[in-house]
C-alpha cells in the first residue's frame, strides 16, 4: 500500500477511529477539534471495515480502543503494521493497564491515551504526525544515499587498490573496498565480522613493525610502509599501505582513510637485486677469507658466518666427507637437529637409495636446488623439515681432486629465492672454496709428514718431544711426577726378513693401534724408531704404580696374537723407564736416560728396567709383595685379631674392633701398615674386605651360640669399598643376613668424600640394623652442618689427641669439645689408643663413654679374646 504523507498542523487530518462506542468516538473528535485540528474521520468497529478503510480512506492517524467485543485493538495494530507500517497508531482506552500498554508499544503502537485523560490526545496525535513525517523524510534521504552509495561502490569495485576507512578512537573498520578479496584473499565481510583480521593477515614477522607505524601516525608520523600478508592458502604477498589521519572540527582524531596496493612483483624484483648484491658481497668476503685463512675449520666457520651475516641466508652449513666416506658437519650456524642427523645417518648407511636433497647432491656431484622444500618430492623428510614454514635450499657439492669432499648447504628464507644468475655466482663461490681446500690439504700433508709417522699415524719424535715438554711443565707446576717409557719390539727384523716388509708394516700398524688404545690419548705415544715406540705416563705416584699400570696393559698389548701372512705372531718387547724429576728435568734428558735404560734391559734380558737402580730393587720387592698378597687373598690367608672396647666407668667389655692380619705360610710377614695400603692400591681390598666382614659375622654367630652377651664387632671400611655402587649389597651379602652383630667404622676424611652418596648408602645399612662409627674424629675436615645429618652412632676420638691429652692443654680442650659435641648429638664416644691410667682417669672426668687401647688389651687372636670373654678381669 502506498504510504500517505502526514499533513501539517493546519491541513486536513484523515483520522480512522476503531471504536465500538460512537459516543466515545465523538468525544475524541471534539477534543481534537477543540485543540484546533481540522479532522476528517471514519469510524469502524470490525476487521473487514478496518481493512477496507486502510485501503480506501488512507488515514493519516489511526486511533483505536484497546478492548472491543467484536474486534480486538491488538489485532487492529497487527493489521496496521503489516498494511500501513508508516501510519501512526494510538490506543485510546479506559481499560488498558501498564502491562498491556508496554506490550502495545513493543508491537508498534505509537502512543496510548486513557479515555479519562483525553486532554492528552491532541498532543499525542500531533507528535505522532510529526514523527511520521520525520521518518518519511529520513527514508527518502536514505534512499538517495543508497543510490549514491551503489554508484560509489560500483566505482570502487573497479579499482585494483584497496580503499579503507577506520573510525577513531575505537578503531572500528568503517569501510573496506571489494579489492580486499584480491589483495588480501579475504572478502570485505570477513574484515567487518572479525575486527582483528586486519592484523591477523599481516605476516608474523612484520606485525610489530606494522603496529609501531600505526601508532606513530597519532604522533604526527606518516602511515606509509610495505609489509607482507599471508593469504588463506598460505601464499605470501607484499602490500604497500598508506593512510591519512582525519581530525574533527575540534582537532581530535576522527578517522583514518587509506589505500593498500599489491606490490609483490616490485618487491620480488627489488629482493632479487638485493640477493644478487649480497651474494656478490659474499663471494668477495669469502675470497678474502680464503687468502688469510690456512685452516679448514676456520675457513668453514668464517664462510658460514659470512653467508648469514652478509649473504642474507638464514642458515649455512658445511658437510664434510671423511676418509671412510661418511658425512659429518664441519661447520654450521645452527646446531644439528635430530632430524638432520637422521638424514645424514640414512645417507651414510645407504647413499645409493637415500631420498634427500643432501643424498642427491652427493650422488650426482652437481648442485641441487629446491625453491620450495615443502613441495619437493626428492626430499622424503619435507613435511617435518618445513613445520616452521616453507623455504628454499641449495646443496652445492665441493669437489677436490675430482671427488666430492663435502657439501655447502644454504637456506633462504622465502621459497623461489634461487634463480640462474644466483646459481652462477654460488657455483663460482663453491669453486673458490674447493680450490682453497685443495691448497690447505697440500699444506696439511706437508705439516703432517713433519710431525707424524705416515705408516702408524702416531706422533714422531719431534712432535712427541714437544708434547713431553708441555707435560713436564705441567708436572713441575703441580709438583707431580711423570714416567717416560721407551720400548722396542723383539725379533722385528726377523719378521721383516721372513714375511716381507708389507707384513712387517702391518705388524707396526697393529702395535700403534694397540698403543693408542692403551694410552687413550694419541698425544702420549709416539713412534721414535723403526721398531721403537715411546709412551708417557703423567700423574703417577711412584714407580710401583708405573709397573702396575704396565702389568694391567701388558696382557692386552702383548698376549693377543697378530695375524701376519698365514701365521699368528705374539709380540715381545723390552722397555726402559725414566722418572721425572729424579731421572731428568727436561724432555731431552728424560729421553736420553730412558733410551740408555732400554739398551741395558736388552743387554741383561730384563723385560723392563728403571733408570735408577734402587728403584728397580724397590719395585721388584713391591711387585713380589703384591703377588704374595694376591695369592693370600685367593687362599684366604688373611685373618682377624680383635681389640676389646670397654666402658670407662665400669671397665666392662662392650665391643671389639676387628683388625686384619697376615701370617704367610712362606716368606716374610708384613705388618698391616705395609700390606693394607697395597691391598687398597691394587683393589684387592674389595675381596679382602668382604672376607673380613664374613669372618666377623661368622665369629659373632658362633659367640651368640656360646655366650650370654657376645660383644658386637666393628670392621673398618676402606675408601675403595665405600665408593663402589654395590657397596650396600656387598656388605649385606658378606654378613649373610639377620642380626650379624657386625658394625662398620668409617674414617672422617673418607666420609666427607661424595657426602650425599655416602649418607645414602650408610642410611640404608643403618635401616638394616648395622651401626656406624666415625673413626679418627678430629683429624679430617667434616662440617658441623653435615655431622648432624650423618647416619652414625659412635664417634671415635683419634689416638693422637688422646696421647697428647696429658701433656698439652690444647689437646685436652679438643677432646673435651669432641665429647661435648657428640653428647649434644646423642652419639656414643670412644677414645682410641688409651695406654695409661692417667689418660683413662682424665677421660672419665670428661665423661667419655668408652675407651680402646693397650691399657686394657692389645689386639688379640680369637682364641685369647674368647678366654677374656669367659673370664673377664676384675
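Gain in length, residue 560 to residue 419, computed as 0.36 nm per residue apart minus the alpha-carbon separation, to one decimal in nm?
Roughly 44.7 nm would be gained on extension.
Rg(Cα) of segment 316-373 divided by 2.2 N^0.38 Å? Could the numbers behind the result be given before it?
Numbers: Rg = 11.2 Å, N = 58, 2.2 N^0.38 = 10.3 Å.
After normalising by residue count via 2.2 N^0.38 Å, the value is 1.09.
For segment 638-681, list residues with backbone N below 15 Å from a point placed 7 Å from the Cα of residue 864 toward its Cβ?
Within reach of a label on residue 864, which here means backbone N under 15 Å from a point 7 Å along Cα→Cβ, segment 638-681 contributes 640-645, 657-663.
7 Å from Cα along Cα→Cβ at both residue 34 and residue 600: what's the point-to-point distance in nm?
Computed distance between label sites residue 34 and residue 600 equals 15.1 nm.
Arranged from highest to lowest average of other beta-carbon atoms within 10 Å per residue, in what order do the peptides 167-174, 126-133 appear? Mind dumping the intermediate values first?
Numbers: 167-174: 12.6, 126-133: 17.5.
The densest-packed peptide leads the list: 126-133, 167-174.
Looking only at segment 67-86, which residues have a backbone nitrogen under 17 Å from a spot 7 Å from the Cα of residue 58 in the C-beta direction?
83-86
Mean separation of Cα pairs under 8 Å and 6+ residues apart, divided by the residue count of segment 195-249: what relative contact order is that in percent? If you can, show how the numbers build up before the last one.
Values: 60 pairs, mean separation 16.5, N = 55.
After rounding, I find 30 percent.
Rounded to the nearest 0.05, what FRET efficiency is calculated for residue 252 and residue 140 with R0 set to 30 Å and r the Cβ-Cβ distance? The partial results should precede the final answer.
Values: r = 32 Å, r/R0 = 1.07.
The computed FRET efficiency comes out at 0.40.
Given contacts defined as C-alpha pairs under 8 Å and at least six residues apart, what's the relative contact order of the chain, whole-number percent?
Rounded, it is 5 percent for the chain.
At 7 Å along the Cα-to-beta-carbon direction for both residue 378 and residue 549, put a label point, then send me their distance in nm to one decimal.
My value for the distance between the label points is 5.4 nm.
Hey, with R₀ at 35 Å, roughly what FRET efficiency would residue 478 and residue 402 work out to, going by the Cβ-Cβ distance, to 0.05?
So the FRET efficiency works out to roughly 0.10.
Report the extension gain between residue 259 and residue 167 in nm, rounded to one decimal, defined as 0.36 nm multiplied by the number of residues separating them, less their alpha carbon distance. Please list the in-between numbers first.
Working: separation 92, 0.36 × 92 = 33.12 nm, distance 1.50 nm.
Extending this stretch completely gives an extra 31.6 nm.
Ignoring everything except DSSP H segments at least 4 long, calculate the 222 nm mean residue ellipticity for the chain; use -39,500 (n - 2.57) per segment, divide by total residues, nearest 500.
Helix contribution divided over all residues of the chain: -14500 deg cm²/dmol.
How many nm separate the modelled label positions at residue 345 and residue 674, each set 7 Å beyond the Cα in the direction of the Cβ?
Here the modelled spin labels are 5.8 nm apart.
When the Debye formula is applied to the Cα atoms of segment 630-870, each taken as the same point scatterer, what base-10 log of I(q)/I(0) results at q = 0.11, 0.14, 0.16 Å⁻¹?
The Debye formula, applied to the Cα set alone, gives -0.58, -0.96, -1.26.
Sticking to Cα atoms, compute the Rg of the chain to one decimal and its Dmax as the biggest Cα-Cα distance, whole number, in Å.
When restricted to Cα atoms, the chain yields Rg and Dmax of 52.4, 156 Å.
By per-residue mean of other Cβ atoms within 10 Å, what is the highest-first order of 734-745, 370-381?
Values: 734-745: 18.7, 370-381: 16.5.
The densest-packed peptide leads the list: 734-745, 370-381.
Please grab the % of Cα pairs in segment 12-138 that end up more than 23 Å from each other. Provide the component values of the computation, followed by the final result.
Values: 1727 of 8001 pairs.
Value for segment 12-138: 22 percent of Cα pairs lie more than 23 Å apart.
Using only the alpha-carbon atoms of segment 159-262, report the extent along each of the three principal axes, biggest first, to the nearest angstrom.
Between the extreme Cα coordinates on each principal axis of segment 159-262 lie 45, 26, 23 Å.
What do you get when you divide the Cα radius of gyration of segment 476-611 by 2.2 N^0.38 Å, with N the number of residues?
Taking the Cα Rg and dividing by 2.2 N^0.38 Å, one obtains 1.07.
Give the Kirkwood hydrodynamic radius (Å, one decimal) of segment 781-874, defined as one over the mean of 1/r across all pairs of different Cα atoms.
On the way: mean 1/r = 0.0691 Å⁻¹.
With all distinct Cα pairs of segment 781-874 included, I get 14.5 Å.
Ranked from highest to lowest mean number of other Cβ atoms within 10 Å per residue, what is the order of the peptides 590-596, 347-353?
Details: 590-596: 21.0, 347-353: 12.9.
Going by the mean number of other Cβ atoms within 10 Å, highest first, we get 590-596, 347-353.
May I ask for the angle, rounded to the nearest 10°, between helix 685-706 and the longest principal axis of the chain, with both axes built from Cα atoms and the value confined to 0 to 90°?
Result, in degrees: 80.
Considering only the chain, what is the antiparallel percent among its DSSP beta bridges, to the nearest 5?
Details: 85 of 128 bridges.
Close to 65 percent.
So if we plug the beta-carbon distance of residue 130 and residue 197 into 1/(1 + (r/R0)^6) with R0 = 41 Å, what FRET efficiency do we get, rounded to 0.05? Don't skip to the end; give the middle numbers.
Numbers: r = 43 Å, r/R0 = 1.06.
With a Förster radius of 41 Å, E is 0.40.
Give me the number: length gained by fully extending residue 205 to residue 725, i.e. 0.36 nm times residue separation minus the C-alpha to C-alpha distance, one decimal in nm.
Values: separation 520, 0.36 × 520 = 187.20 nm, distance 5.36 nm.
Fully extending the segment from residue 205 to residue 725 adds 181.8 nm.
All of the numbers you see were taken from the coordinates with simple rules; none came from a lab. The shown structure was predicted, so the numbers you read here are calculated from the model rather than taken from an experiment. Methodologically, a virtual Cβ is constructed for each residue, glycine included, from the backbone with ideal geometry; neighbour enumeration extends over all protein chains shown.
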